[in-house]
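Asker: Provided herewith is a single structure, encoded as structure tokens, for subsequent inquiry.
The values are calculated or read from the model by the stated rules, or taken from the named source; none is laboratory data. Computed from a prediction, not measured in an experiment: that's the story for all the values here. Cβ: placed from backbone, ideal geometry, glycine included. Neighbour counts: every protein chain shown.
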Amino acid sequence: MAAETDWAQLLELARDAMTYAYAPYSNYPVGAAALVDDGRFVVGCNVENASYGLGLCAECGLISSLIAGGGGRLIAFACVDRRGTHLMPCGRCRQLLFEHGGPALLVATEDGPISLAELLPRAFGPEDLHAADAS
Ligand code: THU
């Protein structure tokens, strides 16, 4: 289990990742950073496409990086817009985060960290599939 989250560091990493965003269509760069349970950090930025609907959120890149780097459980997460201000993950990304962090994942907000359970109550997740298998 990782040591206590350094939220300032996490925010800095998200802000740094945001500067690499490829967002020429929305002009809305996003950066995300997370602490993994083995102590490493993963980051992501949004990557848009001329075929608009194919754009990838910053969280998608972050999750890919998590898995490509060996996997693990997300402990703490922060996401920022171009001002470096906290941004709440979109609905699809809440579900992506839930898969790899569960309800206990802490998400940075301007009022302090809140749990993913608060952002995605009564979520559907891997447990539901296993429960159906068993019956
Ligand atoms: N975006 C993210 O990267 N993450 C979110 O959680 C919300 C939205 C991106 C998608 C798109 O490239 C831009 O922000 C504007 O919606």
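Asker: Pull up segment 34-51, narrow it to residues that are touching a strand residue (DSSP E or B) at 6+ places or on another chain (Cβ under 9 Å) and among the acidic types (Asp, Glu), then point me to the one that is farthest from residue 108 (Cα to Cα).
Answerer: Residue satisfying both the conditions and the ranking: 48.
Asker: Oh, and also: Going by what's in this entry, would residue 134 be described as more than 14 Å from the chain's Cα centre (by Cα) and either modelled with pLDDT of 95 or more or more than 15 Å from residue 23 (Cβ to Cβ) (or both)? Step through it out loud before you land on a result.
Answerer: Working: more than 14 Å from the chain's Cα centre (by Cα): yes; either modelled with pLDDT of 95 or more or more than 15 Å from residue 23 (Cβ to Cβ) (or both): yes.
Against the criterion (more than 14 Å from the chain's Cα centre (by Cα) and either modelled with pLDDT of 95 or more or more than 15 Å from residue 23 (Cβ to Cβ) (or both)), residue 134 qualifies.
Asker: OK, next. Limited to segment 87-131, what total is found for residues that are in contact with a Pro (Cβ under 9 Å, 6 or more places away or on another chain), within 18 Å of residue 10 (Cβ to Cβ) and of a type in the set (A, V, I, L, M, F, W, C)?
Answerer: Matching residues across segment 87-131 total 6.
Asker: Something else about it: When segment 32-59 is examined, which residues are found to be closer than 18 Å to residue 116 by Cα and either acidic (Asp, Glu) or within 9 Å of the ligand (Cβ to nearest atom) (or both)?
Answerer: The answer is 32, 37, 57, 58, 59.
Asker: When both residues are 6+ apart or on different chains and their Cβ atoms are under 6 Å apart, which pairs have a first residue that lies in segment 84-103 and is farther than 21 Å from residue 20 by Cβ, and a second that is away from the ligand (no atom under 14 Å from the Cβ) and in a loop (DSSP other than H, G, I, E, B)?
Answerer: From residues that are farther than 21 Å from residue 20 by Cβ, the pairs are 98/123; 98/125.
Asker: Under 8 Å between Cβ atoms, at least 6 apart or on separate chains: pull out the pairs that start in segment 106-128 with a residue that is surrounded by fewer than 19 Cβ atoms within 10 Å (Cβ to Cβ) and end on any residue that is modelled with pLDDT of 95 or more and among the hydroxyl-bearing types (Ser, Thr, Tyr).
Answerer: Final answer for the pair search is 110/85.
Asker: Taking segment 1-22, which residues are more than 22 Å from residue 71 (Cβ to Cβ) and touching a Gly at 6+ places or on another chain (Cβ under 8 Å)?
Answerer: 11, 15, 16, 18, 19, 20, 21
Asker: Looking at residue 74, is it without any contact (Cβ under 8 Å) to a residue 24 or more places away in the chain, surrounded by 13 or more Cβ atoms within 10 Å (Cβ to Cβ) and either more than 9 Å from the ligand (Cβ to nearest atom) or over 21 Å from residue 103 (Cβ atoms) (or both)? If you could, list the steps in order and put the result at the bottom.
Answerer: On the way: without any contact (Cβ under 8 Å) to a residue 24 or more places away in the chain: no; surrounded by 13 or more Cβ atoms within 10 Å (Cβ to Cβ): yes; either more than 9 Å from the ligand (Cβ to nearest atom) or over 21 Å from residue 103 (Cβ atoms) (or both): yes.
So residue 74 fails the test.
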